[in-house]
Amino acid sequence: SSSSSSSSSSSEDEGGGEDVASKKPQSGGEKNEAKDAPSEEDLELRSRQVFVGGIPFNKTADEIEEAFIDDMLTVESIDCMTFADTGRFRGIAIVTFASAQTAKEALRWHDTEWDGMNLVVKPYEPKKAKEVPKQEIGKIEGQHVAFIANLDYSVTEDTLREAFASDSEIKEIRLGVDKNTGEFKGFAHIEFVSDGDLERAMKKDGTELIGGRRMKVTYATARRAAKPAQKGKERGKPAKLKASRGRRDVKRK
């Protein structure tokens, strides 16, 4: 190309025919771009993937697949997005079709109606993970609480008390548990009596507890103020979802 020939002639004038440009080391940015560049397999897969949002929450992966198949669009797989805390369907799915052409045809579903919900259908573009600088959690004045994480699920209140009470006086231990199941989630808050007790506890960061895990000990973040209770109002219960009818419920405008 014209750019390569220009580069070559410039190197000949300066270095007696040696291609200096070809030996130029890559900058950090260039290396990162090369590293982050998707492979041919990734590009081929993305060409067959479509983002589908606005799906009624009561739909299942099978019902989504049936709806596409009913429109002569062959589906290879469906990845349904769920809420991390409840595991319930978020109304978003990444659909992989049998071919790139089928994926393009599926885009005609955009802004169509399904059980009163308008669908958002577009080519899937995975988000790049952003490197967020780690922020050290500062000590809260007057608060003697430590956050303990990376704990084995078999850890109990007695386990933590035994680990910290040897050289620190403990006021209260609060285990992090799932609100629905009551199962331990692998972290806890320990409130100590004094500032000195808290500081001695911080030195146990990285100590191995049961299960072969090294616990992470940091200062707890500031406590949130409790919201005042509202009189005369009760929590409403969600209405039962109607039974889905699968593929026949999709309506196009």
| request: Exactly one condition in (1) open to solvent by less than 70 Å² (accessible area, probe 1.4 Å); (2) out of contact with any His (no Cβ under 8 Å at 6 or more places or on another chain) is not met by residue 173; state its number. | output: (2)
| Which of the residues belonging to region 41-57 are within 14 Å of residue 115 (Cβ to Cβ) and loosely packed, with under 15 Cβ neighbours inside 10 Å? | 57
| task | Please verify whether region 140-149 includes one or more residues that are open to solvent by 80 Å² or more (accessible area, probe 1.4 Å) and more than 20 Å from the chain's Cα centre (by Cα). | result | yes
| remark: Flagged in region 176-201 as farther than 28 Å from residue 85 by Cβ and exposed (fewer than 14 other Cβ atoms within 10 Å of the Cβ), in numbering order, are 193, 194, 195, 196
| field | Single unsatisfied condition, residue 148 versus (1) farther than 30 Å from residue 219 by Cα; (2) assigned to a strand (DSSP E or B) | value | (1)
| query | In region 58-91, what residues are surrounded by 16 or more Cβ atoms within 10 Å (Cβ to Cβ), within 21 Å of the chain's Cα centre (by Cα) and of a type outside the set (A, V, I, L, M)? | reply | 80, 89, 91
| Looking at (1) surrounded by fewer than 15 Cβ atoms within 10 Å (Cβ to Cβ); (2) closer than 30 Å to residue 75 by Cβ, which is the only condition residue 162 fails? | (2)
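The values are calculated or read from the model by the stated rules, or taken from the named source; none is laboratory data. Only a predicted model underlies this, so the values are computations on that prediction, with no experimental measurement involved. All Cβ positions, even for glycine, are placed from backbone atoms using ideal geometry, and neighbour counts span all protein chains on display. The area values use the complete protein model at the heavy-atom level, side chains included, leaving out ligands, DNA and RNA. Shrake-Rupley method; radii C 1.70, N 1.55, O 1.52, S 1.80 Å.
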